[in-house]
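Right, I'll just put the structure down here and ask away after.
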Amino acid sequence: MITIGGGTGIACIHPITRALKEAGNEVISIIGARSKRLIIMEEEIRKASSKLIITTDDGSYGQKGFVTQVLKDILDKDSSVKKVWTIGPPIMMKVTCDTTKPYSVDTIVSLNSIMVDGTGMCGSCRVTIRGETKFVCTDGPEFNGQLVDWEEFSNRLTRYQGLEKESWDEYKVHKHLCKCGRRKNQWLK
Ligand code: FES
């Protein structure tokens, strides 16, 4: 088994890695980030895995490059890998799936980053899996990555970017002011 975590996805992949190893699997972990200061939970992942490989985009720590290059190198040499689990930025998960496809290795991804209320009520987490609509929060968050409509997923993830920017700009001006004490029309401008 191989587990791959990118950025904050490293934290999410940790319990999966630990459980896979505790179940008796040989688990190679690959974790990556843009630079050394963004690598998190290194010791925890190392302890939970049989082997840990670290990559950084800028080469400031571990191997220079992307987790998917390391994955390809392993798959080229080791045909015993049966499954890959990956959590991280959508592009990283998509490229991971593109990498494993020619080797016919099952690849599980987590689409948790698209969830909003997480209760099955808001509908924001709709994704298409092999042509069928699914809710990430109630049907997932883990899916067979080879079946995900990645283009739709990436487009839906940016859907609230305008509102998020507005909210961030508002925060920078008013810092921690509680919304409750503000007049309604201040938030509608
Ligand atoms: S996160 Fe709202 S319905 Fe899934």
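Given (1) of a type in the set (Gly, Ala, Ser); (2) on the phi > 0 side of the Ramachandran plot; (3) open to solvent by less than 70 Å² (accessible area, probe 1.4 Å), identify the lone condition not met by residue 104.
It fails just one condition, (3).
Going through the stretch 63-74 one residue at a time, which ones are open to solvent by 30 Å² or more (accessible area, probe 1.4 Å), free of Cβ contacts under 8 Å to residues at least 24 places away in the same chain and closer than 28 Å to residue 104 by Cβ? Can you show your working first?
If we filter the stretch 63-74 for residues that are open to solvent by 30 Å² or more (accessible area, probe 1.4 Å), which is where we start, we get 63-64, 66, 69, 72-73.
From the residues that got through so far, the ones that are free of Cβ contacts under 8 Å to residues at least 24 places away in the same chain too are 63-64, 69, 73.
The answer is 63, 69, 73.
Working only within the stretch 141-173, note down all residues that are within 16 Å of the ligand (Cβ to nearest atom) and within 24 Å of residue 103 (Cβ to Cβ).
142, 143, 148, 153
Scan 74, 45, 40, 13 and give me the residue that is of a type outside the set (Phe, Trp, Tyr), farther than 23 Å from residue 103 by Cβ and in a helix (DSSP H, G or I).
Details: 74 fails: farther than 23 Å from residue 103 by Cβ; 40 fails: in a helix (DSSP H, G or I); 13 fails: farther than 23 Å from residue 103 by Cβ.
On inspection, the qualifying residue turns out to be 45.
So which pairs qualify, if the first residue must be in the stretch 117-129 and acidic (Asp, Glu), the second must be near the ligand (Cβ under 6 Å from one of its atoms), the Cβ gap must be under 9 Å, and the two must be at least 6 apart or on different chains?
117/124; 117/125; 117/137
Then there's this: Scan (1) free of Cβ contacts under 8 Å to residues at least 60 places away in the same chain; (2) farther than 16 Å from residue 83 by Cα for the single condition residue 9 breaks and write down its number.
(1)
Turning to a different aspect of this structure: For the stretch 110-125, does any single residue satisfy the condition of being of a type outside the set (Phe, Trp, Tyr), under 18 Å from residue 16 (Cα atoms) and more than 14 Å from the ligand (Cβ to nearest atom)?
Taking the stretch 110-125 first, the residues of a type outside the set (Phe, Trp, Tyr) are 110-125.
Now drop any that are not under 18 Å from residue 16 (Cα atoms), which leaves 110-113.
Still in the list and also more than 14 Å from the ligand (Cβ to nearest atom): none.
No, the stretch 110-125 has no match at all.
I'd like to verify a number: residues in the stretch 148-167 that are surrounded by 10 or more Cβ atoms within 10 Å (Cβ to Cβ), out of contact with any helix residue (DSSP H, G or I) (no Cβ under 8 Å at 6 or more places or on another chain) and assigned to a helix (DSSP H, G or I), how many?
Matching residues across the stretch 148-167 total 7.
While we're looking at this one, here's another question. Anything in the stretch 88-122 that is part of a helix (DSSP H, G or I), closer than 19 Å to residue 77 by Cβ and of a type in the set (S, T, N, Q)? List them, or say none.
Matches in the stretch 88-122: 96, 99, 100.
Going through the stretch 113-138 one residue at a time, which ones are under 17 Å from the mean Cα position of the chain (by Cα) and open to solvent by 50 Å² or more (accessible area, probe 1.4 Å)?
The answer is 113, 115, 116, 126, 135.
The values are calculated or read from the model by the stated rules, or taken from the named source; none is laboratory data. Here the structure is a predicted model, which is why all the values come from computation and not from measurement. When we count neighbours, we look across all protein chains shown, and the Cβ atoms used for this are built from the backbone with ideal geometry, even at glycine. All accessible areas refer to the heavy atoms of the entire protein, side chains included, with ligands and DNA or RNA removed. Shrake-Rupley method; radii C 1.70, N 1.55, O 1.52, S 1.80 Å.
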